[in-house]
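Rule-based calculations on the coordinates, nothing more; no lab input. If you're wondering where the values come from, they're calculated on a predicted model, not measured in any experiment. When we count neighbours, we look across all protein chains shown, and the Cβ atoms used for this are built from the backbone with ideal geometry, even at glycine.
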Amino acid sequence: GLSEGMFWDFKKYGENLNSIAKGMSIAVEDRLKSERMKTELITNVSHDIKTPLTSIINYADLIGKQETDKQKIKEYAEVLLRQSERLKRLIEDLVEASKASTGNLEVNLVSCDAATFVNQAAGEYEDRMKQCGLSLITSYPEEKLSIMADGRRMWRIFDNLMNNICKYAQKNTRVYLSLEKKEDLAVFVFKNISAQQLNISEEELMERFTRGDRSRNSEIEGNGLGLSIARSMAELQNGTLDIKIDGDLFKAVLRFPLIK
């Protein structure tokens, strides 16, 4: 069964996490003036959180594997594992968002065929979209559109946007991903119908993470961070990311300068 030692370990880690969380909120409330200090603070605190978190993940995994006829214990361990893994991902996102927004990320720009990102997104997300009851419709022009981009960072933008669509789109609807040439720009457009009513402005949605808005709408929880990372990543590659909301239509527009 669950040993006494493991229980105290859990308790200790729980208390550690609590004190770190308190420290974090005080530091954030102080609104550190320097962007560099913010990034360092987030990176250091995240590193501190990861230590107890890794232990919690490992213990939850061990508890789940224990032979027991108590079904509840298995269920609890699964929830612990799932939520602690989620917390780990959020912490990683937070570090990435803070580095991206202060320009502290390595970016290697090379000439890329813009259409390959559309094809990659379609290929990678086809199965997941089907599972969510979504059908993806892609389109791009016959002429090759070349842009300067960092493939890895670009894929992160697409991954975040496609992931959001899978999470928040209304089941059994179509999702559109298109690429077109507009003057001297390559323009990617992601369109989907939101499952929840989007009674929030574009600015609010984008700024919710950066402002740390109090009125968190749990339906679009987690959306702000992904969008914030995607926007910073686009800007690091000399592109832009804009969000448009029209009724229940959610539209993300990525623009990158074409190589002459």
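Remark on residue 175: its backbone amide H falls under 5 Å from those of 135, 136, 137, a criterion applied only to residues 5 or more positions apart or on other chains, H modelled at 1.01 Å from N. The modelled label-to-label distance for the pair residue 7/residue 182, using points 7 Å beyond Cα in the direction of Cβ, is 6.2 nm.
Shape analysis of the stretch 73-177 places it in the oblate category; the axes a ≥ b ≥ c from the Cα gyration tensor give an a/c of at least 1.5, with a/b not above b/c.
Once the C-beta distance of residue 199 and residue 174 is scaled by a Förster radius of 22 Å, the resulting FRET efficiency is 0.45 to the nearest 0.05. Only helices reaching 18 angstrom along their own axis (Cα) with mean Kyte-Doolittle hydropathy no lower than 0.0 count here, and for the DSSP H runs of the chain these are 223-236. The modelled label-to-label distance between residue 54 and residue 248, using points 7 Å beyond Cα along the C-beta direction, is 4.5 nm. Spacing of the modelled spin labels on residue 72 and residue 122, each 7 Å from Cα toward Cβ, amounts to 5.2 nm.
Annotation: extensible slack from residue 44 through residue 138 equals 29.7 nm (criterion: 0.36 nm per residue apart, minus Cα-Cα distance).
With a ≥ b ≥ c taken as the square roots of the eigenvalues of the C-alpha gyration tensor of the stretch 39-134, please select rounded if a/c is under 1.5 and otherwise prolate if a/b is larger than b/c or oblate if it is not? Here the stretch 39-134 falls in the oblate category.
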